[in-house]
1. In this structure, is Leu103 under 32 Å from the mean Cα position of the chain (by Cα), under 30 Å from Phe6 (Cβ atoms) and exposed (fewer than 14 other Cβ atoms within 10 Å of the Cβ)?
2. For the stretch 79-91, enumerate the residues that are among the aliphatic types (A, V, I, L, M) and either touching a residue at least 24 places away in the same chain (Cβ under 8 Å) or surrounded by 13 or more Cβ atoms within 10 Å (Cβ to Cβ) (or both).
3. Considering each of Val94, Val47, Val13 in turn, give the residue that is surrounded by 12 or more Cβ atoms within 10 Å (Cβ to Cβ) and at pLDDT 95 or above.
4. Which pairs turn up if I take residues in the stretch 51-70 that are closer than 18 Å to Glu81 by Cβ and without any contact (Cβ under 8 Å) to a residue 60 or more places away in the chain and look for partners that are among the β-branched types (Val, Ile, Thr) and part of a helix (DSSP H, G or I) with beta carbon separation below 8 Å, at least 6 apart in sequence or on another chain?
5. From the set of residues in the stretch 45-69 that are of a type outside the set (A, V, I, L, M) and in contact with a helix residue (DSSP H, G or I) (Cβ under 6 Å, 6 or more places away or on another chain), which is nearest to Arg99 (Cα to Cα)?
6. Would you mind stating whether Leu8 is touching a residue at least 12 places away in the same chain (Cβ under 8 Å), among the aliphatic types (A, V, I, L, M), within 30 Å of Tyr74 (Cα to Cα) and surrounded by 13 or more Cβ atoms within 10 Å (Cβ to Cβ)?
Amino acid sequence: MKRFRFSLQAVAVLRAHHELKAREAFAAAVQAHRQTEENLSQVRARVTAFETDLAARRKQRFSAADEAQTLGAYRQECSAEAEAEKVMHAARAVMQQRRADYLDAHRKVEVVKRLEVKARTRHRLAGLREEQAIFDDTAGYRFVTRRAALSV
């Protein structure tokens, strides 16, 4: 029986390489998204701390200069929070795109794998048919030679 040779082996290797690159890009996007989420949570914690500080200062004596300075810093933190939120949404969009790219590459690899399994099955069945044909020929030859030996 001949050795099995998959004719689409080069395609399988290429698609596996593309899948690996897509998986790495997806992992990097997930890591970037997690980092932006952590950054957003830190900024939100700072905003919450400013809010509690503002509330505590308003219960004490009022100083317009201190209040103006604190409100300016609070506005900066709020704008930093909005910016961090935009960055996180952009990172999420990139992550979703990388996930779609990875899934597409994975599907392509799976298609080639299924084709290889089918080709291997066909090859194995062809080999079994050849083997069975050899057994049938051998059995037929033995039967004919035995019959000829008995009739003499």
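1. Numbers: under 32 Å from the mean Cα position of the chain (by Cα): yes; under 30 Å from Phe6 (Cβ atoms): yes; exposed (fewer than 14 other Cβ atoms within 10 Å of the Cβ): yes.
Yes; evaluated as a whole, the condition is true for this residue.
2. First, pick out the residues of the stretch 79-91 that are among the aliphatic types (A, V, I, L, M): 80, 82, 84, 87-88, 90-91.
Hits for the stretch 79-91 are Ala80, Ala84, Val87, Met88, Ala90, Ala91.
3. Val94
4. Filtered contacts from the stretch 51-70: Asp53/Thr70; Leu54/Thr70.
5. Going through the stretch 45-69, the residues of a type outside the set (A, V, I, L, M) turn out to be 46, 48, 50-53, 57-63, 66-67, 69.
Of the ones still in play, those that are also in contact with a helix residue (DSSP H, G or I) (Cβ under 6 Å, 6 or more places away or on another chain) are 46, 50.
Numbers: Arg46: 32, Phe50: 37 Å.
Step by step, filter the stretch 45-69, then rank; the result is Arg46.
6. Values: touching a residue at least 12 places away in the same chain (Cβ under 8 Å): yes; among the aliphatic types (A, V, I, L, M): yes; within 30 Å of Tyr74 (Cα to Cα): no; surrounded by 13 or more Cβ atoms within 10 Å (Cβ to Cβ): yes.
When the stated conditions are applied, Leu8 does not pass them.
The values are calculated or read from the model by the stated rules, or taken from the named source; none is laboratory data. What you see is a predicted model, and the numbers here were worked out from it, not measured in a lab. Cβ coordinates were reconstructed from backbone atoms using ideal geometry, including for glycine residues, and neighbour counts include every protein chain displayed.
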